Every structure is written in C-alpha cells, then in structure tokens.
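Scroll down for the structure; my scribbles are underneath it.
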C-alpha cells in the first residue's frame, strides 16, 4: 500500500460529515457524539476497577475503524525470546526460570491509501496476569501466541484513539478485559466477589483459548446459573470457573492439533 501523504485527523473526520460545517471543533464534537451513540456500554467500552475514564474495548475500536473507513497494517518493531533456564541456587537446589516472550508492533491506519495515524503496542509474558497463571501449569511457551495478539491489539487501539480524537473520552483497554462490564461495587461486594487480578486471570485464559464472550459466560453459568458476567463471580467459585475455562482451552488446543494432523 503506497503512502501518498499524512493527513490530519480533523480532515478525516470532516470527510465523514457535511463539509459545510465551518468549525473544526464543531466537526469533532459532532463526530464524538456519533461515536457515543454508536458504542454500547459494557460491550464496546466499560469502566474497570482503578480507572478514571471508560476503557475502549476492541469491538468499539473496530466500529470506529468501520465508521471512518480505515484499513490497519501491522509491522513488527521488535520481538524477543529467552529460552527456559535451569540454574543452581546457593543451597544446591535447581531453579527453573521460565522462558520469556516479548512483542512490539506498530499499527498504521490508512484511508484511501493515505496513512492517517500510527499506534504502538507491546506485550510480554512477564506481565503480572501471565506470571500468575504459572501456578495453574500455564507457562510462557503456552502464551507466546497470546502476547503477540495482545501487542497487535494494543497497537491498533492506540492508533484508533489517536485518529478519532477521543482520548478525552476513553483510555486504552490495557488489561484486555473485554468481558468486564461497567460496574460500581460497594465494600460488601468487594469482600465477597473476585478481585481485579482474578478477573484478569480468567479473561486472559479465555483470550489464550480464543473463547468468545458468549462461550465464556456459558462456562461461568455452568458453575452458577445466576452469574451474568465475570464480575459477578464469588471468591468461593473462582477456582471452579478458572478450571472450566482452562479445560475448554485445552480441549480446543487438542482439536486444533487433530485438525492439523488430518
């Protein structure tokens, strides 16, 4: 795809609206209003704990991409791999250091063969939510493809937020928790329900197994039919839900290997 020139975000937004509007500020305001009306709370964006602004989810970014007529292209900026290491500790015991994967992508957004924005995203297997999965037997080698996808997604979201002039409306969904809906919980709920790290662990496991939101909800409801989303899960049911999601991921992986052999 040939680059002709770099154009501004306001020029792109102008192309999507009536060119007779005199004020660029008004054009941006009209566009952001349309974005607000188009996106669905809890599906395309939502508030997750410890964030001030709503997080824009991937589905919301894709709707904005469609609205503006954009085409993304990805470039690998950097990738790094360190194999598993086994070292001797001072007391003579063997310690295993897990392998390490890191990816960095650039996402370039094009409109009619013209580059209009760029975004950068990184991900690695040392992130807290991935390290936490080691106790469940999930290691870096199992997550290499996952962190690659996450890095690409983060680059895409970074570019979308920049080109659409909506950084005042949304922050990027850095925790990759598309299934987390907008919520405000009281202290009593926080004491009985799973915390943010446990939510991230379940969502990361679902992402690694390419388990979509409806399928994830179905697995959650196998544990307790009253649960409507991942944030409803009680602490006492966390392990049961995680195990079900992990088992579905293992089953899908076996099916993929079987299909490859055929």
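The values are calculated or read from the model by the stated rules, or taken from the named source; none is laboratory data. Because the structure is a prediction, the values reported are computed rather than measured. Heads up, the Cβs are rebuilt from the backbone with ideal geometry, glycines too, and the neighbour counts pull from every protein chain shown.
What the table below lists for this structure:
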{"item": "Conditions (1) farther than 25 Å from residue 28 by Cβ; (2) surrounded by 11 or more Cβ atoms within 10 Å (Cβ to Cβ); (3) under 26 Å from the mean Cα position of the chain (by Cα): number failed by residue 80", "result": "(2)"}
{"item": "Pick from region 66-77, criterion surrounded by 18 or more Cβ atoms within 10 Å (Cβ to Cβ) and at pLDDT 90 or above, ranking: nearest to the chain's Cα centre (by Cα)", "result": "72"}
{"item": "Those residues of region 214-242 which are within 20 Å of residue 41 (Cα to Cα) and free of Cβ contacts under 8 Å to residues at least 40 places away in the same chain, in sequence order", "result": "214, 215, 216, 217, 227, 228, 232"}
{"item": "Candidates 194, 199, 220, filtered to the one that is under 20 Å from residue 125 (Cβ atoms), at pLDDT 75 or above and not assigned by TED's automatic domain parsing to the domain that holds residue 71", "result": "199"}
{"item": "All positions within region 193-213 that are farther than 20 Å from residue 41 by Cα and in a helix (DSSP H, G or I)", "result": "197, 198, 201, 202, 204, 205, 206, 207, 208"}
{"item": "One residue from 59, 99 being in contact with a helix residue (DSSP H, G or I) (Cβ under 6 Å, 6 or more places away or on another chain), at pLDDT 75 or above and surrounded by fewer than 18 Cβ atoms within 10 Å (Cβ to Cβ)", "result": "99"}
{"item": "Some residue of region 87-95 being under 26 Å from residue 246 (Cβ atoms) and either surrounded by fewer than 17 Cβ atoms within 10 Å (Cβ to Cβ) or modelled with pLDDT of 90 or more (or both)", "result": "yes"}
{"item": "Matching residues, region 115-171, being crowded, with 21+ Cβ neighbours inside 10 Å, under 12 Å from the mean Cα position of the chain (by Cα) and not in a helix (DSSP H, G or I)", "result": "121, 123"}
{"item": "Verdict on residue 3 being out of contact with any helix residue (DSSP H, G or I) (no Cβ under 6 Å at 6 or more places or on another chain), at pLDDT 70 or above and exposed (fewer than 11 other Cβ atoms within 10 Å of the Cβ)", "result": "no"}
